[in-house]
Amino acid sequence: MKYDIRKKSKKFRLVFSQAISLNTSSFPSIKNEFLFRKGFINDVWQSWNYFWRAYWLAHVRGGLDGRGNRISGLYSNINEEEAVYFLTTGSLGGSTRPYHEKTWGDINFIAKVAANITRHSATIVGTNPIITQHIIFHNAVTVSSAISLLGNSIKDFQIVRNTSVHLNSHSIKEFQSIIPRYRIVKYKYPTDLVSTISLTDNKVALVSWHDEMTTFINLVI
């Protein structure tokens, strides 16, 4: 099944757990440490994006939910590009090419998709109202509710990842804006932040991010 929420969830958890283990490794140089951490941070972020893409598309085109049960899909007759357009805009009738897709794991985009589905579901007249109300509407509302309980982990993780991969004045400015939330005096690379302590919960930053992001997934699957 192309859109398998359970499979993507397991993959994300595995990749993140591996990243936490790798973060304790010793490195021959600071430069090697940066490159190594940049690699596993990027892997975690990509797996997070793949989860959310599969999550939403499974509900629109059909797939498997977080328990491995089949989801019929709200609009199983439309193609993937049309489904992405629907999720992005909340309306039917257009298409979005893959290279124009948004960052699925961005917390603002997750909130936008959930809001689009919630608004749209109120106007749907379908042949299976159980699927419409229970799966699509209920899960979109659950995502929105879960977001209201979150801290800054997703946003901070994204900023560290983006600054590591795209090092420029804009990304550095964003990175500097999140530093006050962590116990760090100085740094050479943005990846240095992953081993510092989060002032939110006094956990190692990478562990703190892991705990909040996996809790978010647990709430919505």
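The values are calculated or read from the model by the stated rules, or taken from the named source; none is laboratory data. These numbers were taken from a predicted model, which means no experiment stands behind them. A quick note on method: Cβ atoms are made from the backbone with ideal geometry, for glycine too, and the neighbour counts reach across all protein chains shown.
Things to note:
- When region 57-92 is filtered for residues that are assigned to a loop (DSSP other than H, G, I, E, B), among the aliphatic types (A, V, I, L, M) and farther than 15 Å from residue 137 by Cα, the ones remaining, listed by number, are 78, 92.
- Across region 138-157, the qualifying residues are those that are part of a helix (DSSP H, G or I) and surrounded by fewer than 19 Cβ atoms within 10 Å (Cβ to Cβ), and the one among them that is modelled with the lowest pLDDT is 138.
- Number of positions in region 175-189 that are at pLDDT below 95 and in contact with a helix residue (DSSP H, G or I) (Cβ under 8 Å, 6 or more places away or on another chain): 4
- For residue 44, the conditions (1) touching a Phe, Trp or Tyr at 6+ places or on another chain (Cβ under 9 Å); (2) assigned to a helix (DSSP H, G or I); (3) closer than 24 Å to residue 96 by Cβ are fulfilled apart from (3).
- Of the numbered criteria (1) free of Cβ contacts under 8 Å to residues at least 60 places away in the same chain; (2) under 30 Å from residue 117 (Cα atoms), the one residue 175 fails is (2).
- Test: residue in region 23-43 that is at pLDDT 95 or above, crowded, with 20+ Cβ neighbours inside 10 Å, under 19 Å from residue 107 (Cα atoms) and of a type outside the set (A, V, I, L, M): no
- Number of the condition not met by residue 212 [criteria: (1) more than 21 Å from the chain's Cα centre (by Cα); (2) within 27 Å of residue 140 (Cα to Cα); (3) among the acidic types (Asp, Glu)]: (1)
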